[in-house]
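J.: Pasting a structure below so you can have a look.
The values are calculated or read from the model by the stated rules, or taken from the named source; none is laboratory data. The shown structure was predicted, so the numbers you read here are calculated from the model rather than taken from an experiment. As a convention, Cβ positions derive from the backbone with ideal geometry for all residues, glycine included, and neighbour counts pool all protein chains shown. We work out accessible area using only protein heavy atoms, side chains counted, and drop any ligands, DNA or RNA first. Shrake-Rupley method; radii C 1.70, N 1.55, O 1.52, S 1.80 Å.
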Amino acid sequence: MKPTLLLNATYEPLTVVTWKKAITLMILGKAEAIEEHERVVRSARDTFTLPSVLRLIRRVNAPRTGIQFSRLNVYRRDGFECQYCGDEFDFDDLTFDHVVPQSRGGQTDWTNIVTACGPCNRQKGDRTPGEADMPLLNKPKRPRWWPFSESAQNFDKHPDSWRPYLWT
Ligand SMILES: [Zn+2]
């Protein structure tokens, strides 16, 4: 069964919950569905569409933790998709690309590093996306905290419906 991303009332991501927990929160009136999976479950009395993203009705206090800048976390942010050709790859087939090349003063940080496959990286070479005529699929940003809780560790790729909520 697909998990549910739980957001604070402020739309900040809090954690990932199981579908049972998600339904319980809805039944108790503590959370509302923002995005839904296509799957329906039936209880004795009711039918629920499984939520993909839930938002708490009342805000809870939760510390915000930064995400470590790392190769894996950049790939996670980009959904393991090359940001030039849009294809999906395994970890070993992906590379870091400096959007503004290092030789031109480009920094190694969240806003200047994107996931790229080897061929696209080589094709772009020491050029900017504009010079190489290779537009980026997404502007690279520092991600918000995102839920790598125990329950989330089994899926590196998040459902697409979560993406808008995992970005600043
Ligand atoms: Zn590519």
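J.: Could you give me the ³J(HN,Hα) list for the stretch 98-103, computed from phi with Karplus coefficients 6.51, -1.76, 1.60 and θ = phi - 60°, whole Hz, x at Gly and Pro?
T.: With coefficients 6.51, -1.76 and 1.60, one gets 7, 4, 8, x, 4, 5 Hz.
J.: What value does the chain have for Rg/Rh, both radii from Cα atoms and Rh as Kirkwood defines it?
T.: Radius of gyration over Kirkwood radius for the chain works out to 1.06.
J.: Also: With each label point set 7 Å from Cα along the Cα-Cβ vector, what nm distance links Arg122 and Val40?
T.: 5.1 nm
J.: How much accessible area per residue does the stretch 71-132 have, in Å², with a 1.4 Å probe? Provide the component values of the computation, followed by the final result.
T.: Numbers: 2940 Å² over 62 residues.
On a per-residue basis, 47 Å².
J.: Would you rank Val60, Val17 by solvent-accessible area, highest first, keeping every protein chain in place and using a 1.4 Å probe?
T.: Val60, Val17
J.: Using a 1.4 Å probe on the protein heavy atoms, what percent of the accessible area of the chain belongs to carbon and sulfur?
T.: The C+S portion of the solvent-accessible surface of the chain is 47 percent.
J.: Among DSSP beta bridges lying fully in the chain, give the percent that are antiparallel, nearest 5.
T.: Here the share of antiparallel DSSP bridges comes out near 85 percent.
J.: Looking at the square roots a ≥ b ≥ c of the eigenvalues of the Cα gyration tensor of the stretch 4-62, which shape do they give, rounded for a/c under 1.5, prolate if a/b is larger than b/c, or oblate?
T.: In terms of gyration-tensor shape, prolate.
J.: Okay, moving on. Considering Cα pairs under 8 angstrom that are at least six residues apart, work out the relative contact order of the chain and quote it in whole percent. It would help to have the intermediate numbers written out before the result.
T.: Values: 279 pairs, mean separation 37.4, N = 168.
Computed value for the chain: 22 percent relative contact order.
J.: Out of all Cα-Cα pairs in the stretch 71-132, roughly what percent, to the nearest whole number, are more than 14 Å apart?
T.: Counting every Cα pair in the stretch 71-132, those more than 14 Å apart make up 49 percent.
J.: Taking only protein heavy atoms and a 1.4 Å probe, what accessible area per residue, in Å², does the stretch 4-62 have with all protein chains in place?
T.: With all protein chains present, the stretch 4-62 gives 61 Å² per residue.
J.: Hey, another quick one. Quick one: net charge around Asp133, please, counting Lys, Arg +1 and Asp, Glu -1 for every other residue with C-beta under 10 Å from its C-beta.
T.: Numbers: positive: Lys124, Arg127; negative: Glu131.
Combined, the nearby Lys, Arg, Asp and Glu give +1.
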